[in-house]
Structures are given as structure tokens and as C-alpha cells.
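The block underneath contains the structure these notes are about, expressed in C-alpha cells.
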Amino acid sequence: MAPYPDRLSPGSPYPLGATWDGLGTNFAVFSAHAERMDLCLFDPSGKRQIRTYQLPECTDEIWHGYLPNARAGLLYGYRAYGPYDPHNGHRFNNYKLLLDPYARRMAGDFRWSDALFGYRVNSSRADLSFDRRDSAPGMFKAVVTDESFNWADDRPPNVPWADTVIYEVHLRGLSMLRENLRPNERGTFAALRFKIILQCAGDIGKLSRALNDLVGCPGFLAGLVEQFGEVRRRFFWGRGRSLDDWCGNRLRRRRSRCRTTPPQGRR
């Protein structure tokens, strides 16, 4: 792999997150009050920080920079510099690694410890104190992803809005109680590939063309989950083990197949 440069080029404030273009990666993250934003790169294990870059530009409160030769699979996080003024709502602490809220994928495990807090937990000053321990060992790392997809001969369904139904489903609730699915696949992304699940859209399709829309499936902290109120870690779909590592392109192929195949009862 070609070596990384000594500094980032300005890049673009849009789109937010890490965007790989085949030659490098653009990084963009929002902060209205940060005075500096560092991009931290990690080795493939996520245990060792190998490079740190300061994002060179801030446009309309979006910090951004472009790193040539940065490929899909790169692990990264941010450290934000700014005022530590709890009374006014500012708790910037550059010792704490921040997960990109627009990350498409995460790596590693989350390990609870006092080092994750910006303040010293047992301090006499409580949450007005300041903690200087590095939180990176216990934090997830964001992963640069390849968003390209070969749509081949896939085509838009071109269904008139008057004939369209958007069928919104909760991923877990859709299949969790179905006894005709294997227990380890109930309530998971894996259940989406079964015809018995897609039949729901087909039944609705007898009246009109149906589009499936999953209720938000962000990453969440295990043990802190409600049906519609997950403790969210980022804006995009679930962590690697729940989606990325399981299905790879299989869910994409299913998406393509569903786009081109009329629902049951419609021709």
C-alpha cells in the first residue's frame, strides 16, 4: 500500500462520514463548537493508534479533510478539542476517542470502564472534574467502507405514487415470534431472506405495489434496548456482526431482486 502523506488535503464538507472514492477517503464530521478536530488511524486490530491528522478545514461547522491512499477497511476515530465548561454544556476532552456518528460500519468491542467518561467518576468534583485517560482501548472504531455496487440490469420499478404503499417494518418485531423460522434467525437481518417474511409485502401487493422500509436499524449498546428506543451509537445500520459480516452482498442481491420482481398478485 502506498504511504500516507504527512498532512490531509482540504477535501469536502459533503457527504458527512468517510467516503472512499477509489483513490483516497474524504472525512467530514460536524461540530459547532470544536476548536480542532483530529482524525486518528488504527492498525487492523484496532488496538494501536498509528497516525494522527488534524482536519485542515471547517466549512459551515463541518470539519473535513481528504487522505490519499486511504482504502476501504481502514479503522479510524476522532478526537475533538474545545472548551471544557460543563456549566455551559461544553465537555470537549481530546483524551476520549469519538466514534464517527456517520460511520457505515464499526469494528472491535465496547468495554465499559471509568476511562470512557470525560470526568473522574469518583472525584469530589463529580462531573466537573476532567479525566485524562485514553478511552481508545475500550471504544469501537469506525471503518471506511466501499459503497460501490454493480446494479447490472436492475431498473427502477417506476410505480406511480398512487399505486405505492410504503410498508414500514420493525426488523426484530417482524419475525421474532415466527415459529416457522429457526430460533437463531428470528428477529435478525437473516430472516429477511425467507419467503414467508417477504410474503407480507406480497399480500399487501395484491392491493398495491409495496416497498419495504425498515424502521431505523442503528448500532446500539447490548442490554440497553427497547423496541423503538435503542441507545444509538451511530446513524446507520447495525454493527458488522449483525449485517456486514453475515450477508455481504446477499442482502444487496435480495434488494435488487425485490426491486425487479412484481409482488404476488400484481403483473
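Restricting the search to the stretch 124-142, which residues are under 18 Å from the mean Cα position of the chain (by Cα) and farther than 16 Å from W112 by Cα? Passing the criteria: only A142. Taking the stretch 120-147 as the range and being on the phi < 0 side of the Ramachandran plot and without any contact (Cβ under 8 Å) to a residue 12 or more places away in the chain as the test, the residues that pass are R120, V121, N122, S123, S124, R125, S129. A2 meets each of the listed conditions (1) among the aliphatic types (A, V, I, L, M); (2) in a loop (DSSP other than H, G, I, E, B); (3) surrounded by fewer than 21 Cβ atoms within 10 Å (Cβ to Cβ); (4) in the same structural domain as P137 (by TED's automatic domain parsing) apart from (4). Of the conditions (1) under 26 Å from S9 (Cβ atoms); (2) surrounded by 13 or more Cβ atoms within 10 Å (Cβ to Cβ); (3) not small (G, A, S), D146 fails just one. Which one is it? Status for D146: all satisfied but (2).
The values are calculated or read from the model by the stated rules, or taken from the named source; none is laboratory data. These numbers come from a predicted model, not from an experiment. All Cβ positions, glycine included, derive from the backbone under ideal geometry; neighbour counts span all protein chains shown.
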